[in-house]
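To start, the structure itself, in structure tokens.
The numbers here are math on the coordinates, done by the rules we state, and not lab data. Since this is a predicted model, take the numbers as computed values, not measurements. Here the Cβ positions follow ideal geometry from the backbone for every residue, glycine too, while neighbour counts run over all protein chains shown.
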Amino acid sequence: MDKFFGIKERGSTVRAEIFAGLTTFFAMAYIVFVNPAQVAAGGAGGWLAGAGADAGAMGQIWNAVYIASILAAIIGTLVMAVYAKLPFALACGMGLNSFFCTTFVAGSFFAGEDVITGYHSGLVIVFLSGIVFLLLSITKARGYVAKAMPDCLKKAIPAGIGLFIAFIGFQNVGIVQTNQYTLVQFVDIHGAITNGNFASVIPALTALLGFIIISILSKKNVRGSVIIGILASTVLYYLFTWTAPSFDLGNIGQSFKDFGTVGITGIFSAEAWSAAFSSAHVGGVFNALVLIITFCLIDMFDTVGTLYGTASEAKMLDKNGDPINMDQAMLSDSIATVAGSVLGTSTTTTFVESAAGVAAGGRTGLTGVVVAICFGICLFLSPLASIIPSAATAPALIYVGVLMLKNFGAVDMSDMRSAVPAFLALIMMPLTYSIANGIGIGAIAYVLITLFTGNYKKRDIVVTLIAILFVLKFIFVTM
């Protein structure tokens, strides 16, 4: 084991690697509860079912994604551990899972189409984005594209995703509500009390308390602060509503059944491929291509940022300042995305929470092996996951949004060529409810400002092509 992973060579021990693996797992275990809730819009009892979607179908998607997301995390983390030999764990990316839901699952419902077909069409798009990422990684073109994107957009994209995630968390539990005059408003606590309907604001208040709990625990450096906050919020929710959760062990078998009938069969359906390029919720071939590029680029830059940040903290950079085994790490990430889409879940990517394990001493792939084992145990905990309300997962979304926003602090706000594109990418993601729109508007602004200030360089050709694609999308595709 020591020879294979090079544990002593990297100044670590088996005990330290095991402890680091447990630390990483507990830092990211929230994804087990959050990902199916995000992709399936809360499942049978979620907001989309409440809007009129088939509750049975939404429950099937939730079950399928629960199993698929765990299997994808296991596969991705093991490939990273054994092939790249790095202490980085992978799971379904936050932000991209919400993007997946709003575009394909919710998008198909609001377009009057079958939600399961919409879910399957999204898997096809993610699969193709993974193939593109895989080819870029194999041919080393990935490095060129990553270096060619403006630094301001690289930093603004994850920050914008974080803001978008937080906004979704606020919406899911009614912390932010619609208002006919201002479009949005804070939860109307006074109105609920006056109307004798205080129960309606319990999810919002529970989520706010849960977010504060996670923040306090994180400040005190408590390991697993997010998962502890989710569990504490769950207890508070049932105490406040004075209800008891249903706990059916039969749900374990149902989860695996739905995974087999709805999840892993998704991209092998001819109907799914047709819907991915011709359905109303996708908007045609051109829009499908834009979505493939968007998923690929977000995954790429999210992974690049995570690898550089975490490897730097672990002092695992080469003489050029790049993470060691960078090519293997990127290839592992792309393999995980392809595998995840085949299994039935949204984009799988390297998790920034891996930094928790690195801080605890993790230096080799053995850390990842421990994380994968822990995820394996979760396969049989679907009854527990199903009793977690949205009021308990929303705090995790908001907190992850806070963590992702720190990237924006590195943007040079004194230079308008950096500040304006970064700001537009950041703010347009939540305001237009689209990660793609934020990237596109930011890219267009960067190209125009760079061009008309005489700073245009050869390396800007890549971002120019991206900007042109989005201009065409805004003109010819209904948003």
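Please label the shape of the chain as rounded, prolate or oblate, based on the square roots a ≥ b ≥ c of the eigenvalues of the alpha-carbon gyration tensor (a/c under 1.5 means rounded; beyond that, a/b larger than b/c means prolate, else oblate). Mind showing how you got there, number by number?
Details: a/c = 1.34, a/b = 1.09, b/c = 1.23.
Because its axes are fairly even, with a/c under 1.5, the chain counts as rounded.
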Query - Linear extension gain, ASP151 paired with MET416, 0.36 nm per residue minus alpha-carbon span - result: 94.1 nm
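At a threshold of 8 angstrom on Cα-Cα distance, excluding pairs fewer than six apart, so keeping six or more, what relative contact order does segment 2-476 reach in percent?
Numbers: 882 pairs, mean separation 158.3, N = 475.
The normalised contact order for segment 2-476 reaches 33 percent.
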Query raised in the report: So what's the net charge close to LEU426: Lys and Arg +1, Asp and Glu -1, counting the other residues with Cβ under 13 Å from its Cβ?
Result: +3
Report summary line: When CYS152, CYS92, CYS374 are ranked with the fewest other C-beta atoms within 10 Å first, the list becomes CYS374, CYS152, CYS92
Query raised in the report: Whose amide H sits under 5 Å from the amide H of ALA91, counting only residues 5 or more places off or on another chain, with H placed in the peptide plane?
Result: THR349, PHE351
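Mind giving me the FRET efficiency for THR241 and GLU271? R0 is 45 Å, r the Cβ-Cβ distance, nearest 0.05 is fine. Show your work: numbers first, answer last.
Numbers: r = 40 Å, r/R0 = 0.89.
The computed FRET efficiency comes out at 0.65.
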Query raised in the report: Any idea how far apart PHE286 and TYR83 come out in nm if each label point goes 7 Å out from Cα toward Cβ?
Result: 3.6
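Using a simple charge model, +1 on the beta-carbon of Lys and Arg, -1 on the beta-carbon of Asp and Glu, nothing else, what dipole does the chain show about its Cα centre, in debye to the nearest 20? Write out the running numbers ahead of the final one.
Details: 23 positive and 22 negative charges, 248 e Å.
With only Lys, Arg, Asp and Glu charged at Cβ, the dipole is about 1200 debye.
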Query raised in the report: Stretched out fully, how many nm does the piece from LYS457 to LYS140 gain, at 0.36 nm a residue minus the Cα gap?
Result: 111.9 nm
Report summary line: Residues other than GLY76 with Cβ under 15 Å of its Cβ, Lys/Arg counted +1 and Asp/Glu -1, net out at -3
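Arrange the following residues from fewest to most other Cβ atoms within 10 Å of their Cβ: GLU353, GLU271. Provide the component values of the computation, followed by the final result.
Values: GLU353 25, GLU271 13.
In increasing order of surrounding Cβ atoms, one gets GLU271, GLU353.
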Query raised in the report: In a shell of Cβ-Cβ distance under 12 Å around LEU22, excluding LEU22 itself, what net charge do Lys and Arg (+1) and Asp and Glu (-1) give?
Result: +1
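Restricting to segment 2-476, what percent of DSSP beta bridges are antiparallel, rounded to 5? Provide the component values of the computation, followed by the final result.
Details: 8 of 8 bridges.
Percent antiparallel among DSSP bridges in segment 2-476 is about 100.
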Query raised in the report: With a ≥ b ≥ c the root eigenvalues of the C-alpha gyration tensor of segment 400-479, is it rounded (a/c under 1.5), prolate (a/b larger than b/c) or oblate?
Result: oblate
Report summary line: From fewest to most C-beta neighbours within 10 Å, the residues ILE228, ILE116 line up as ILE228, ILE116
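Within segment 97-172, report the trypsin sites (Lys or Arg not before Pro) that DSSP leaves as loop and that have at most 16 other Cβ atoms within 10 Å.
LYS140
Multiplying the sequence separation of SER215 and ILE468 by 0.36 nm and subtracting their Cα-Cα distance, what value in nm do you get?
Working: separation 253, 0.36 × 253 = 91.08 nm, distance 4.12 nm.
Contour length minus Cα-Cα distance gives 87.0 nm.
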Report summary line: Descending packing, highest mean Cβ count within 10 Å first, for 62-71, 104-113 is 62-71, 104-113
Report summary line: For LYS154, the aspartates and glutamates lying under 13 Å Cα to Cα, once residues fewer than eight places off in the same chain are dropped, come out as ASP299, ASP302, ASP412
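Please state the charge dipole magnitude for segment 137-243, taken about the Cα centre, from unit charges on C-beta atoms (+1 on K and R, -1 on D and E), reported in debye and rounded to the nearest 20. Can you show the working numbers first?
Details: 8 positive and 2 negative charges, 152 e Å.
In debye, rounded to 20, segment 137-243 gives about 740.
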Requested in this report: Find which of ALA355, LEU424, LEU472 sits farthest along the positive direction of the dipole of the chain, computed with +1 on the beta-carbon of Lys and Arg, -1 on that of Asp and Glu, about the Cα centre.
Outcome: ALA355
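Calculate for the chain the 222 nm mean residue ellipticity that helices alone would give, adding -39,500 (n - 2.57) per DSSP H run of length 4 or more and normalising by residue count, nearest 500 deg cm²/dmol. Could the numbers behind the result be given before it?
Numbers: 24 runs with 320 residues, N = 479.
Helix contribution divided over all residues of the chain: -21500 deg cm²/dmol.
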Report summary line: Extend 7 Å from the Cα of ILE189 along its Cα-to-C-beta direction; within segment 200-238, residues with backbone N under 19 Å of that point are 200-216, 233-234, 236-238
Requested in this report: Under 17 Å Cα to Cα from LYS3, which lysines show up? Leave out anything in the same chain fewer than 8 places away.
Outcome: LYS85
Report summary line: In order over segment 271-288: 3J(HN,Hα) from phi, Karplus 6.51/-1.76/1.60, θ = phi - 60°, whole Hz, x for each Gly or Pro, gives 5, 5, 5, 5, 5, 5, 10, 9, 6, 5, 6, 8, x, x, 4, 4, 5, 4
Report summary line: Quick shape check on segment 226-378: root eigenvalues a ≥ b ≥ c of the Cα gyration tensor, a/c under 1.5 is rounded, otherwise prolate if a/b tops b/c, else oblate, and it reads oblate
